[in-house]
Amino acid sequence: MDLVVTDLAVARGGVPVLEGVGFAVAAGEALILRGPNGIGKTTLLRTVAGLQPPLAGRVGLDREAMAYAGHADGIKATLSVRENLIFWADVFATDRVDAALAAFELAALADRLAGNLSAGQKRRLGLARMVVTGRPVWVMDEPTVSLDVDAVAMFAAAVRAHLGQGGMALLATHIDLGLEEARVLDVGQFRARAPAADDFDGAFL
Amino acid sequence: MKALLIRDLRLGTRAGGGFGLGLAFFLIVVVLVPFGVGPETGRLSVIAPGILWLGALLACLLSLDRIFALDWEDGSLDLLATSPLPMEAAVSVKALAHWLTTGLPLVLAAPVLGILLSLPAQGYVPLILSLLLGTPALSVVGTFGAALTVGLKRGGLLLSLLVLPLYVPTLIFGAEAARRGAEGMDNTTPLVMLAGITCGTIALLPFASAAVLRVNLR
């Protein structure tokens, strides 16, 4: 079971941003997407995650095996750190809350309200959610925003452990994670050239 | 599904969840009515069922935009959409959680407020029964409206404009059932119609809400 993307074209707000995107990620591999702001990394990841339909091409991925993490962490401020993770553990029917707390050194904060955490701690909680899901394919958008150097190393270790269990990761990031084994794909080469398609429905609605 | 229900109930009843907001609004509306129409018991007891129904409906409307807006803002909606939970189930659970934190308290508060409006003694059971049958429809229709307007900045007003016309059938039959009950007449027909509307919305609207939500998440 691999993640295979073939000849994919994606659009944001009706404007094609990337076309002809193709890559494959096999079990135990990580692929890092790079490119300047606005090139369409987020749109590409949302399309891979199935949140929006592709303009053309196909995404070969069993969505039941995928977990997605976007820019926002989906943290509820009035729930404690542990309650936040328990909710996702119940949704994904796993029991990896303690493992996730340990992986991102959140055990000491487990009973604190998530709203009282710092930005970096919230991000760590958001990343811990990925461990909780137990899904083999991680699709993550800018996972290291507001993390300090130690936390980035924590994240790299978590990704490495995930890959070691036969998992896959597709990440969009600007910084060096220290994951030497990960392949890097510059999405700038796929920039869409075609003008916007004549979208009657869009204009009408 | 149980996890989502528990989480939403917990969020609704914790600080900032807006649990008491609808109830307080209901109370204020009902208290204001005698100031507006005069304190004569005879006149109040005639309009009591209608006022109580209208007050409950408006109180319900007040909390609708919270159903999805908070989950949209903090990104949970994207994460829920990519989770194993089907969108239709998530939407239904959200509607149920809304009813449990808003509709049910309104049903329980209505008889107390009925005293303030000197509702006739035989009117209490029909009032509670009609609200119990009708308020789930308000939550389900409201969830559809919330799904339509999710992601819009300050979509609350648009939400009210969209949802209020859809509330008309529920209000007509609900208030009619309560009024007939208060006047001691047979109210089986409006109650049955009300139950039919509620069952119909519960059966059909979650699918529409889920479809709309998927489009809005793009």
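The values are calculated or read from the model by the stated rules, or taken from the named source; none is laboratory data. All of these numbers come straight from a predicted model, not from anything done at the bench. Backbone-built Cβ (ideal geometry, glycine too); neighbour counts: all protein chains shown. When the accessible area is computed, the model is the full protein with side chains, heavy atoms only, and any ligands, DNA or RNA have been set aside. Shrake-Rupley method; radii C 1.70, N 1.55, O 1.52, S 1.80 Å.
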Number of the condition not met by A:GLU64 [criteria: (1) within 12 Å of chain B (Cβ to nearest Cβ); (2) touching a strand residue (DSSP E or B) at 6+ places or on another chain (Cβ under 8 Å); (3) not β-branched (Val, Ile, Thr)]: (2)
Any hit, segment B:30-39, residues being within 12 Å of chain A (Cβ to nearest Cβ) and assigned to a helix (DSSP H, G or I): no
Residues being charged (D, E, K, R) and either assigned to a strand (DSSP E or B) or in contact with a His (Cβ under 8 Å, 6 or more places away or on another chain) (or both) - total across segment A:2-51: 4
Of the criteria (1) within 14 Å of chain B (Cβ to nearest Cβ); (2) in contact (Cβ under 8 Å) with a residue 60 or more places away in the chain; (3) farther than 22 Å from B:VAL93 by Cβ, which one A:THR47 fails: (2)
Qualifying residues in segment B:1-20 (those that are of a type in the set (A, V, I, L, M) and farther than 22 Å from B:ALA59 by Cα) - the one nearest to the other protein chains (Cβ to nearest Cβ): B:ALA3
Test for A:ALA72: is it modelled with pLDDT under 90, of a type in the set (A, V, I, L, M, F, W, C) and over 30 Å from A:ARG12 (Cα atoms): no
Residue within segment B:149-171 that is surrounded by 17 or more Cβ atoms within 10 Å (Cβ to Cβ) and in contact with a Pro (Cβ under 8 Å, 6 or more places away or on another chain) present: no
Residue in segment B:1-14 that is over 30 Å from A:GLU83 (Cβ atoms) and open to solvent by 20 Å² or more (accessible area, probe 1.4 Å) present: no
Matching entry among A:LEU177, A:LEU147, A:LEU170, A:LEU163 (being within 17 Å of A:GLY28 (Cα to Cα) and either part of a loop (DSSP other than H, G, I, E, B) or of a type in the set (Ser, Thr, Tyr) (or both)): A:LEU177
Residue match in segment B:64-74 (condition: in a helix (DSSP H, G or I), open to solvent by less than 10 Å² (accessible area, probe 1.4 Å) and under 30 Å from A:ASP62 (Cβ atoms)): yes
Single residue of segment B:172-218 satisfying the filter (closer than 30 Å to B:VAL150 by Cα and polar (S, T, N, Q)) that is surrounded by the fewest Cβ atoms within 10 Å (Cβ to Cβ): B:ASN216
Members of segment A:78-108 that are part of a loop (DSSP other than H, G, I, E, B) and facing chain B (nearest Cβ under 8 Å): A:THR78, A:LEU79, A:PHE92, A:ALA93
Residue match in segment A:83-93 (condition: surrounded by 19 or more Cβ atoms within 10 Å (Cβ to Cβ), in contact with a Lys or Arg (Cβ under 8 Å, 6 or more places away or on another chain) and of a type in the set (S, T, N, Q)): yes
